[in-house]
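Please read the structure below before turning to the comments.
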Amino acid sequence: MTDPLFDLTGKVALVTGGSRGLGLQMVRAFAERGADVVIASRKIEACEEAAAEVRAMGRRALAVAAHCGRWDDIDALIEAAYAEFGRVDILVNNAGMGPYIKSHEVPENLFDSVMNLNFKGPFRLAAIVGHRMKQAGGGCIINISSIASLAPMPGVVPYAGAKAALNALTVSMAHEYGPEVRVNCIAAGPFLTDISKAWTEEARESSDNAARRPGRPEEIVSSALYLASPASSFTTGAILRVDGGMQ
């Protein structure tokens, strides 16, 4: 039996980057607790695969191919979600990328791509859905940021800057769309998602944090459930660090 504090029965969750990694873990967790889910990423095949998994749990799912750094794609995603379900109760801005590259070597097109996916797209999605949530009387937005936005990390400066902007967006929109809409942020540390395949073996086994290791993807779930559910009814404008105790 689901704890009533974490019961999402009848809710509709939209998760960008929801076909793999941390996004897929959140999709599974929401569906397991009763939510219907909209799964968005660039690859429709991966979205459909995740949607099939959700349907096998007895929940409804909508797969949408969208580049989450482009406003036209974002607007089409929103319309598809509302056409299918009539509302969105939980929005997770999870899609992102942060390639490692020395700052003086960053080309303009890469800078723009990083900013678009990590900030411009999430801004548009949170603004339009947040406005609709407020008009409908309630909802919650979870932005997936990074510890890079809070700690010095050379080699990912555009990414860190975009995520710092996402942190600012979180606090500002919590005030703009509150009290009906809660807006919070998870500042994620190192997690063993697909990106970790490019790490050294040492980096996959240990980390310079209090936990002395990277996180397993499923370890994002409890924090996401807390922020998505009535358990966090008095939590908004918060930046929750889920990083194993990074300095």
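Observations, loosely collected:
- Odd one out for residue 53 among (1) in a helix (DSSP H, G or I); (2) modelled with pLDDT under 95: (2)
- Applying the set (1) over 18 Å from residue 237 (Cβ atoms); (2) within 14 Å of the chain's Cα centre (by Cα); (3) of a type in the set (S, T, N, Q) to residue 143 leaves exactly one unmet item: (1).
- Condition met for residue 231 (small (Gly, Ala, Ser), more than 17 Å from the chain's Cα centre (by Cα) and surrounded by fewer than 14 Cβ atoms within 10 Å (Cβ to Cβ)): no
- Segment 83-96, residues that are surrounded by 10 or more Cβ atoms within 10 Å (Cβ to Cβ), over 12 Å from the mean Cα position of the chain (by Cα) and among the hydrophobic types (A, V, I, L, M, F, W, C): 85, 88
- Test: residue in segment 102-113 that is over 28 Å from residue 209 (Cα atoms) and among the polar types (S, T, N, Q): yes
- Taking segment 135-238 and the helices (runs of 4 or more DSSP H) fully enclosed by it, the elements with 3 or more residues that are hydroxyl-bearing (Ser, Thr, Tyr) are at 157-177, 221-228.
- Residue 113 being over 20 Å from residue 22 (Cα atoms), touching a residue at least 24 places away in the same chain (Cβ under 8 Å) and not β-branched (Val, Ile, Thr): yes
The values are calculated or read from the model by the stated rules, or taken from the named source; none is laboratory data. Everything numeric here is computed off the predicted structure, so don't read it as measured data. Cβ sites come from the backbone with ideal geometry, for glycine too, and all protein chains shown count toward neighbours.
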